[in-house]
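J.: My questions all concern the structure below.
Derivation of every value follows stated rules applied to the coordinates shown; laboratory data play no part. Source: prediction; values computed, not measured. Here the Cβ positions follow ideal geometry from the backbone for every residue, glycine too, while neighbour counts run over all protein chains shown.
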Amino acid sequence: MVYCSNSFPDRHYELSPIIESTYHTLNTNPLVKRGLDLIKADDERTLKNQITICEIPAPTFREEVRAEYYMHQLAAAGLNHVEMDSIGNVFGILRGTGKGPKLLVAAHLDTVFPEETDVKVRRIDGKCYAPGIGDNSKGLAALLSVIRALRDAQVKPVGDVIFCGNIGEEGLGDLAGIKAFFRDNTDIDGFIAVDGIGSKDIAYLATGSRRYEVTYRGPGGHSFGAFGVPSAIHAMGRAIAKISDLRTPADPKATFTVGVVSGGTSVNSIAAEATMLLDIRANATKELLELEAQVLEAVRSAKDDENRRWRTDSITVDAKLIGDRPAGSQAADSVIVQAACASIRTLGNTPYLQGPVSTDANIPIALGIPAICLGGGGRGGNAHSPDEWYENIDAFLGPQSIFLTILGLAGAHGICEPLLPLQGRSH
Ligand SMILES: [Zn+2]
């Protein structure tokens, strides 16, 4: 998950009458209250789950050991039909009473840390230190607590709720797990991603990104003896200069960076090869695609300029798309955002509506399916760094707000009707 600076506490956010009345019904129901109490009582076990999960390495593309473990945990928590799909996502279904919406609730299994990283959790002064302890061991553990509470409080949703530990959220994973899930399951009506810490933030806007690996190639040669031959590095330098000069809109925000460069053979060689990694982002699809077109034009014309300089055509360029996350938005007062706000308020907190971020929710948001990203609870910091830490303070508020959001959206049998409309795609 990527945290952003422009989230704000929304004290004046207005709930619609239907949301107000649904949450009034839920909050005064003894079974729902029992579910919330069970989650609070489950706090210590949830922390234990979190630590166990964290200590199973799961770098993106190598999630299988953690996935196997999590699959068994989903079954132990009370889900039926637990399975692993062909790409490596693990999931199980909590069947509703039928005819309700289908809600997917997912936490990503992968971390940004390589296999050899020491992921042993150290507990110092009440805090837990380990890479991945919050992002996303907390999200994965929170989901298990929610499932146990639904089972033990015997609250049955109206719609089917699918709980999933998905692969490939981070970096070059490129949201592969959730992309595959939505490709193979066209009947999902709503989506909640549970990612990292916190219990007040709601992400509902999606920053899109397009990432490229660009490689220039040429004949290469001796810097003195072969002078007159074009250089792959010089061509790439021209491209970087052009890209650096691009102007982008502030709203919707659109950005670019050449993040990594490599290439060349030695100080006294004309480079035969040069590669750069490019990141292009925007909060809206139109701006994303416009900026991408400008960047790719700079990449191509830099090759032409270098060839023209030496009157040749021996420099070539190859731009390979290595990341593709769609952008998208939905209304701040949409049903799914309202349900999450109502749930967070019910627990005595003020919801924070985040600015656009990049999470698994990007995929359904871009498809027009209601989707949000919530935190798994607790406090922490330094996500994506070896110094990541976590503090188990009021941590039960995370799974409690997820529990309430699920019941509002999917409905609770004999208590309230689902808020989430059927998408009507495959129904
Ligand atoms: Zn994450």
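J.: Check each of the trypsin sites (Lys or Arg not before Pro) in segment 247-346 and keep only those in coil by DSSP with at most 15 other C-beta atoms within 10 angstrom; list them in order.
T.: The qualifying sites are Arg247, Arg311.
J.: Let me ask another. Quick one: of the DSSP bridges fully inside the chain, what percent are antiparallel, nearest 5?
T.: So the antiparallel bridges amount to about 75 percent of the total.
J.: Right, here's the next one. Binning at 10 Å from 0, report for segment 10-80 what percent of all alpha-carbon pair distances ends up in each bin.
T.: 15, 28, 25, 24, 8
J.: Can you give the alpha-carbon Rg of segment 118-191 over 2.2 N^0.38 Å, where N counts its residues?
T.: 1.43
J.: Now for a different question. So what is the diffusion coefficient of segment 296-427 in µm² per second by Stokes-Einstein at 4 °C and 1.567 mPa s, using a Kirkwood Rh over Cα pairs?
T.: Translational D for this selection: 68 µm²/s.
J.: Mind telling me which of Ala272, Ala412, Ala58 comes out most flexible in a GNM of the chain, alpha-carbon contacts under 10 Å?
T.: Ala272
J.: Quick one: divide the alpha-carbon radius of gyration of segment 378-427 by 2.2 N^0.38 Å and tell me what you get.
T.: 1.76
J.: Moving on. To the nearest 0.05, how large is the calculated FRET efficiency for His24 and Arg379 if R₀ is 35 Å and r is the Cβ-Cβ distance?
T.: 0.70
J.: Another question, then. In Å and whole numbers, how far do the C-alpha atoms of segment 208-325 stretch along each principal axis, longest first?
T.: Principal-axis extents of segment 208-325 (Cα, largest first): 51, 22, 18 Å.
J.: How much length is gained on full extension from Leu172 to Glu44, taking 0.36 nm per residue of separation minus their Cα-Cα distance?
T.: Stretched out fully, the Leu172 to Glu44 stretch lengthens by 42.7 nm.
J.: Can you give the extra length, in nm with one decimal, that the chain gains between Glu297 and His81 once fully stretched, where that is 0.36 nm per residue apart less the Cα-Cα distance?
T.: 72.8 nm
J.: Can you give me the angle between helix 17-27 and the longest principal axis of the chain, using Cα atoms only, in degrees from 0 to 90, rounded to the nearest 10?
T.: Orientation of helix 17-27: about 60 degrees from the principal axis.
J.: Would you kindly state the longest site-free stretch of the chain, with sites defined as GluC sites (Glu not before Pro) in a DSSP loop (not H, G, I, E, B) surrounded by at most 13 other Cβ atoms within 10 Å?
T.: So the longest stretch without any such site is 117-427.
J.: Here's something else I'd like to know. Could you tell me the extents of the chain's C-alpha atoms along the three principal axes, largest first, rounded to whole Å?
T.: Ordered largest first, the chain gives principal extents of 85, 43, 38 Å.
J.: Which residues among segment 305-347 fall inside the zone where the amide N is under 15 Å from a point 7 Å beyond the Cα of Glu273, along Cα→Cβ?
T.: Flagged as within label range: 316-320.
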